[in-house]
Amino acid sequence: MSVSSAELARRQGIVELKQFTRSREAVVFTMAFPVIMILIFASIFDDEIAPGVNYTQYFITGMIATGLMTVGFQSLAIQIPIERDKGVLKRFRGTPMPKWVYFAGKVFMVAGIGVAEVAILLAVSIGFFDLEPPASAEKWFTFAWVSILGLSACTLCGIAFSSVPRNARSATAVVTPVALVLQFISGVFFVFTDLPTWMQQVAAIFPLKWMCQGLRSVFLPDSFAAAEPAGSWELGKVALILAAWCVVGLVLCIRTFTWQNKYSR
Amino acid sequence: MGNDFAVSVKGLRKAYGRTVAVEGLDLDVRRGEVFALLGPNGAGKTTTVEILEGYRKRDAGEVSVLDHDPAEATAAWRARVGFVLQGTGEFEELTVGELVHHFAAFYPKPDDPDEVIARVGLTDKAKARTHGLSGGQKRRLDVALGIVGRPELLFLDEPTTGFDPEARREFWHLIRELNASGATIMLTTHYLDEAEALAHRVGVIANGRLVEVAEPSRLGNRQNAPATVSWRTPEGTVESAESDTPTAVVTELAARFGGEVPGLTVTRPTLEDVYLRMIGAAA
């Protein structure tokens with residue numbers, strides 16, 4: 001009853017999703033946090049930031065991008081060091097399971113949670129905060145590729161970054177500030193063009209800013225493009241930079257990923 | 001090397017920075033035997049075993065495990081080797097059944113997962129999440145995951161640490177069964193009674209070297225060591241005598257007491273006595 005690698009990857013993904021959905025704190029934290037943030041911020045701030053665009057719409061697109069980053073980057077960069085410390089990785093390494101199956105399982109899990117998360121955020125935003133669903137097939141297409149490419153970049157960077165924390169205990173402390181700083185400088189909480197220029201330039205190196213911008217092109221009126229830093233949505237650049245981060249993340253994963261905690265004897 | 005040895009090691013060396021963990025270690029484990037590696041903490045046991053398992057790179061020496069170099073482990077090789085490591089892998093939210101079935105799928109010729117669960121005595125817990133298992137049950141789950149692929153060679157790293165005496169007996173029984181069904185077993189342990197109960201041969205490791213390899217009853221020339229004969233005198237005190245000819249001493253005593261000798265014991269040094277002397281001498 002030898003099982004094909006593709007089938008193994010599918011089962012690994014199901015096992016990962018099962019573990020996630022069965023740990024209540026993880027589900028609540030990952031799924032509910034962006035929703036709560038939207039409820040709070042959208043209730044406090046509802047100024048018009050441009051003709052026909054209020055802060056809520058702007059913030060919601062940022063939170064969808066943040067949700068994708070949380071699922072892909074934050075959760076993996078924290079979860080993998082924990083698994084490394086507990087010897088889960090070592091145990092997989094001792095079986096004939098092909099290495100890539102482990103990563104495929106993570107990707108499967110991230111994709112599953114990502115889809116659920118985006119669906120919840122969209123439902124809440126459309127239901128309670130007057131967000132318009134994408135108006136055309138073209139916008140839906142943009143929504144799909146920005147989300148998939150953004151989530152891929154975050155996932156790969158999350159796996160790569162999982163080698164940075166020295167152990168499970170420090171993982172949350174190391175990863176959370178990185179994610180939080182990126183949110184502040186990438187125009188999630190504040191309108192991006194209101195930020196100091198140097199901060200915009202720093203943010204433009206990282207994926208989150210481009211994910212936010214890509215999603216704004218989907219949910220905000222086209223007239224708002226003029227208010228973006230370049231006066232347009234720059235979708236070509238969004239695709240290019242997110243793809244570049246996928247490559248960087250992948251290379252880092254391959255070169256630096258370790259299956260054992262190197263600081264343990 | 002050839003086919004007689006499941007594990008063959010020559011001149012193994014491994015250092016962490018300036019600390020030399022293993023220095024010139026030679027070791028052979030025959031196919032079909034239970035081999036126990038004994039040694040104090042920090043003697044190099046775990047380092048040695050991790051090199052054999054393919055988890056660690058060595059600095060020097062020749063290593064062959066099932067006729068392959070573990071430093072270049074392939075999936076086919078891993079399918080033939082099982083591991084029960086120290087404190088590994090908790091998949092807290094999965095059930096025992098889900099885990100063993102999942103791991104079985106990694107191997108080309110796995111055992112029936114439910115049968116493996118029964119063998120380690122976890123059938124009652126098959127539907128229980130693993131975070132609710134006791135320490136001993138978790139360890140038995142570790143063993144189930146280590147043997148579900150039907151390994152030719154099974155590594156057990158301090159497998160019964162933290163077990164109560166009854167759980168340890170059950171565990172020994174399981175190991176003997178596995179060995180009887182053809183698996184070569186290499187275990188490390190702190191417990192000398194465990195080594196004595198299970199192992200065909202024991203190796204004592206101290207300061208990164210293998211000090212001696214022998215059958216448990218012959219370690220340190222134990223079988224030829226002077227015996228201690230002790231008995232109770234009519235006044236009620238205990239006397240003892242060391243002798244190379246204890247039978248003669250007992251015969252003499254029997255004559256003196258006119259038959260039964262009160263409180264008679266004849267002992268040789270225990271494995272523990274011999275072991276402590278060895279690691280003491282090596283330090």
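Derivation of every value follows stated rules applied to the coordinates shown; laboratory data play no part. None of the values given here were measured: they were computed from a predicted structure. As a convention, Cβ positions derive from the backbone with ideal geometry for all residues, glycine included, and neighbour counts pool all protein chains shown.
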For labels at A:Arg22 and B:Lys10 in the simple 7 Å Cα→Cβ model, what's the distance in nm?
4.9
Give me the distance in nm between label points sitting 7 Å out from Cα along the Cα-to-Cβ direction at B:Asp244 and B:Thr161, one decimal.
4.2
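Would you please give the FRET efficiency between B:Thr265 and B:Thr123, computed as 1/(1 + (r/R0)^6) with r the Cβ-Cβ distance and R0 = 56 Å, to the nearest 0.05? Present the calculation step by step, with values, prior to reporting the outcome.
Numbers: r = 44 Å, r/R0 = 0.78.
Once the sixth-power term is evaluated, E becomes 0.80.
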Most exposed to least, judged by fewest other Cβ atoms within 10 Å, A:Asp47, B:Asp273, A:Asp222 sort to A:Asp47, A:Asp222, B:Asp273
Taking 0.36 nm per intervening residue step and subtracting the Cα-Cα distance, what contour gain separates B:Thr228 from B:Glu72 on full extension?
51.0 nm
Arrange the following residues from fewest to most other Cβ atoms within 10 Å of their Cβ: A:Trp245, A:Trp259, A:Trp100, A:Trp198.
A:Trp198, A:Trp100, A:Trp259, A:Trp245
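Ignoring everything except DSSP H segments at least 4 long, calculate the 222 nm mean residue ellipticity for chain B; use -39,500 (n - 2.57) per segment, divide by total residues, nearest 500.
-9000 deg cm²/dmol
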State the Kirkwood hydrodynamic radius of the stretch A:35-185 in Å, one decimal place, computed from all pairs of distinct Cα atoms.
17.0
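Loop only by DSSP, 14 or fewer other Cβ within 10 Å of the Cβ. Give me the chymotrypsin sites (Phe, Trp or Tyr not before Pro) in the stretch B:155-248 that pass, ordered by residue number.
Qualifying residues, ordered by number: none.
Within chain B, which is the longest segment that contains none of the GluC sites (Glu not before Pro) sitting in a DSSP loop with at most 12 other Cβ atoms within 10 Å?
The answer is B:1-234.
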Computed over the stretch B:105-217: relative contact order in percent, which uses C-alpha pairs under 8 Å that are six or more apart
21
Span from the the stretch B:127-144 Cα centroid across to the the stretch B:162-205 one, whole angstrom
19
Please compute the volume of the convex hull spanned by the alpha-carbon atoms of the stretch A:167-265 and report it per residue in Å³.
122
Please check which bits of the stretch B:199-221 a label hung off B:Arg277 would reach, taking the label as a point 7 Å along Cα-to-C-beta and the cut-off as backbone N under 12 Å.
B:219-221
If the elastic network links every pair of Cα atoms under 10 Å, which of A:Thr21, A:Thr30, A:Thr61 fluctuates the most in the Gaussian network model of chain A?
A:Thr21
q = 0.13, 0.16, 0.17 Å⁻¹, chain A: log10 I(q)/I(0) [Debye, one scatterer per Cα]
-0.84, -1.21, -1.34
Could you state the number of Å between the C-alpha centres of the stretch B:223-283 and the stretch B:36-50?
33
re the protein assembly as shown: pairs of Cα atoms spaced beyond 32 Å account for a percent value of 56
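Suppose every K and R has +1 on its Cβ and every D and E has -1 on its Cβ; what is the size of the dipole of chain B about the Cα centre, in Debye to the nearest 20?
With Lys and Arg at +1 and Asp and Glu at -1, about 500 debye.
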Measure off 7 Å from each Cα along the Cα-to-Cβ vector at A:Trp145 and B:Phe257, then give the distance between these two points in nanometres to one decimal.
9.7
When only alpha-carbon atoms are used, what values of Rg and Dmax, in angstrom, describe chain B?
22.4, 71
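When only DSSP loop residues count, what trypsin sites (Lys or Arg not before Pro) in the stretch B:1-96 have their Cβ near at most 10 other Cβ atoms within 10 Å?
Those that pass, being in a loop and sparsely packed, are B:Arg18, B:Lys57.
Where does each of A:Met69, A:Met199, B:Met278 land when they are ranked from fewest to most other beta-carbon atoms within 10 angstrom? Before the final figure, lay out the partial values.
On the way: A:Met69 29, A:Met199 16, B:Met278 19.
So the ranking, lowest neighbour count to highest, is A:Met199, B:Met278, A:Met69.
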Partner lysines for A:Lys209 [C-alpha distance under 23 Å; skip if fewer than 8 residues away on the same chain]
A:Lys139, A:Lys237
Placing one equal point scatterer on each C-alpha of the stretch B:100-176 and summing with Debye, one gets log10 I(q)/I(0) at q = 0.14 Å⁻¹ equal to -0.43
